[in-house]
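Trainee: For reference, the structure I am asking about is given below.
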Amino acid sequence: MPELPEVETVARGLRGSLLGRTITGATVGWSRTIGRPAMDEFMARVAGRRVILVTRRGKYVLIGLDRGHLVIHLKMSGRLQVTPAGEPPDPYVRVLFDLDDGRQLRFQDTRKFGRVYLVDDPTEVTAGLGPEPLAEDFDLHCFRQLLDRRRGRLKPLLLNQKFLAGLGNIYADEALFAAGLHPLRTVDSLTPDEQMRLYEAIRTILGQAVDSRGTTLDDKGYTDVAGQAGAYQDQIAVYGRAGEPCLRCHSPIERIVIGGRSAHFCPCCQGKRS
DNA sequence: AAAGCACCCTGTACGC
DNA sequence: TGCGTACAGGGTGCTT
């Protein structure tokens with residue numbers, strides 16, 4: 001599932017192959033994939049636009065055009081691939097962009113949860129997002145201020161994109177493990193030292209995952225723009241490891257459901273109480 | 001503000 | 001072997 005590190009890897013890959021290219025046309029295979037404007041207007045307005053910028057905000061890929069911006073969320077199963085001309089069609093391609101060099105940018109998405117927007121200003125889509133956890137100016141002081149305005153349990157908070165942009169289920173669980181914090185711990189129960197550990201854990205885990213070009217859990221999982229898998233799955237400590245021994249203390253990893261979402265943790269290394 | 005849940009989808013895992 | 005069903009997952013929107 002693409003989270004910040006995967007989306008960052010995709011954005012970097014796209015930057016190399018899309019910058020300066022002109023989109024000669026677009027074909028939509030599943031109309032609901034287009035968030036806005038309506039499908040026909042989308043196809044008409046994107047044709048002839050040149051790519052001048054590729055960035056990321058939270059889990060969104062932002063493709064700046066000479067007029068307007070494509071804003072793309074991969075959700076669970078979305079993939080962006082740049083393919084050579086003549087590549088055989090993929091059954092899960094939802095949006096196809098033809099490029100002026102003969103290649104294609106393909107948005108593939110088996111689950112159809114992903115969305116592609118064409119807007120004048122990316123913040124029309126991303127306005128509600130919290131800060132970027134890897135931004136240089138996102139320091140411990142900022143993080144403490146964010147925490148002070150929140151209540152409730154840590155796991156749902158880390159998944160809340162309005163709190164912090166970019167964490168998903170995998171890296172939220174990994175960050176809580178790295179910080180030694182139980183996912184059901186509440187924000188207001190954190191000591192200053194625990195706040196710092198959580199801050200450091202989020203930054204360290206995300207940074208390492210970006211360096212590893214993301215997590216690919218299985219052959220159907222995430223890949224980068226060239227179709228290559230990430231490598232962070234080799235460093236996963238708790239996510240998807242229920243019943244397996246903790247890498248630190250060998251206790252069996254537990255899996256519980258919090259707010260309708262799975263949470264994986266070591267009951268020994270991540271005590272419920274501080 | 002937080003919590004719980006249905007919804008959007010489909011491949012896959014599982015029970016019989 | 002083959003069928004039906006539950007489930008996973010991110011985000012939104014609704015209700016409590």
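Bear in mind that the values in this text are calculations on the coordinates, not laboratory data. Note that this is a predicted model, so its numbers are computed, not measured. When we count neighbours, we look across all protein chains shown, and the Cβ atoms used for this are built from the backbone with ideal geometry, even at glycine.
Trainee: Just to confirm the filter: which trypsin sites (Lys or Arg not before Pro) across region A:168-274 are DSSP coil and have at most 14 other Cβ within 10 angstrom of their Cβ?
Mentor: For trypsin sites (Lys or Arg not before Pro) across region A:168-274 that sit outside H, G, I, E and B with at most 14 neighbouring Cβ atoms in 10 Å, the list reads A:220, A:248, A:272, A:273.
Trainee: Additional query: Peptides A:52-58, A:126-132: what's the order by average Cβ count within 10 Å, highest mean first?
Mentor: Ranked from most to least packed, the peptides come out as A:52-58, A:126-132.
Trainee: Could you tell me which helices of chain A pass both thresholds, a Cα extent of 24 Å or more along their own axis and a mean Kyte-Doolittle hydropathy of at least -0.5, with helices taken as whole DSSP H runs?
Mentor: Taking the DSSP H segments of chain A (at least 24 Å long, mean hydropathy at least -0.5), we get A:192-211.
Trainee: For region A:62-77, take each phi angle, set θ = phi - 60°, evaluate the Karplus expression 6.51 cos²θ - 1.76 cosθ + 1.60, and give the result in whole Hz per residue in order, putting x for glycine and proline.
Mentor: 10, 10, x, 10, 5, 8, x, 9, 8, 10, 10, 10, 7, 6, 7, 10
Trainee: Below 18 Å, Cα to Cα, which lysines can residue A:272 reach? Residues fewer than 8 away in the same chain don't count.
Mentor: Straight-distance partners of residue A:272: A:155.
Trainee: A further question follows. Using the per-residue mean of other Cβ atoms lying within 10 Å as a proxy for protection, in what order, highest first, do the peptides A:168-178, A:26-36 fall?
Mentor: A:168-178, A:26-36
Trainee: How about region A:68-143: which chymotrypsin sites (Phe, Trp or Tyr not before Pro) there lie in a loop by DSSP and see at most 14 other Cβ atoms within 10 Å?
Mentor: The qualifying sites are A:113.
Trainee: Can you pull the percent of Cα pairs in region A:38-86 with separation above 13 Å?
Mentor: Pairs farther apart than 13 Å: 67 percent.
Trainee: Divide, for chain A, the radius of gyration over alpha carbons by 2.2 N^0.38 Å, where N is the residue count.
Mentor: The reported ratio for this selection is 1.06.
Trainee: Limiting things to C-alpha atoms, what are the Rg and the maximum Cα-Cα separation (Dmax) for region A:176-274, in angstroms?
Mentor: 14.7, 45
Trainee: Next up: Per-residue HN-Hα couplings for region A:232-249, Karplus 6.51 cos²θ - 1.76 cosθ + 1.60 at θ = phi - 60°, whole Hz, x for Gly and Pro?
Mentor: Along region A:232-249, the couplings run 6, 4, 6, 10, 5, 9, 10, 4, x, 10, 3, x, 8, x, 4, 5, 9, 10 Hz.
Trainee: On to the next question. Rounded, prolate or oblate, given the Cα gyration tensor of region A:1-124, with a/c below 1.5 counting as rounded?
Mentor: Rounded shape, in that the Cα axes give a/c under 1.5.
Trainee: Follow-up question, since we're still on this one. Could you calculate the FRET efficiency of residue A:145 with residue A:124 from 1/(1 + (r/R0)^6), where r is the beta carbon distance between them and R0 is 22 Å, rounded to 0.05?
Mentor: About 0.25, to the nearest 0.05.
Trainee: Any lysines with Cα under 17 Å of the residue A:59 Cα? List them, leaving off those in the same chain fewer than 8 positions away.
Mentor: Within the straight-line cut-off, residue A:59 pairs with A:75, A:112, A:162.
Trainee: Give me Rg over Rh for region A:1-63, both radii from the alpha carbons and Rh done the Kirkwood way, two decimal places.
Mentor: My calculation of the ratio gives 1.00.
Trainee: Now a separate question. Is region A:120-234 best put as rounded, prolate or oblate by its Cα gyration tensor, with a ≥ b ≥ c the root eigenvalues, rounded for a/c under 1.5, and otherwise prolate when a/b is larger than b/c, oblate when not?
Mentor: oblate
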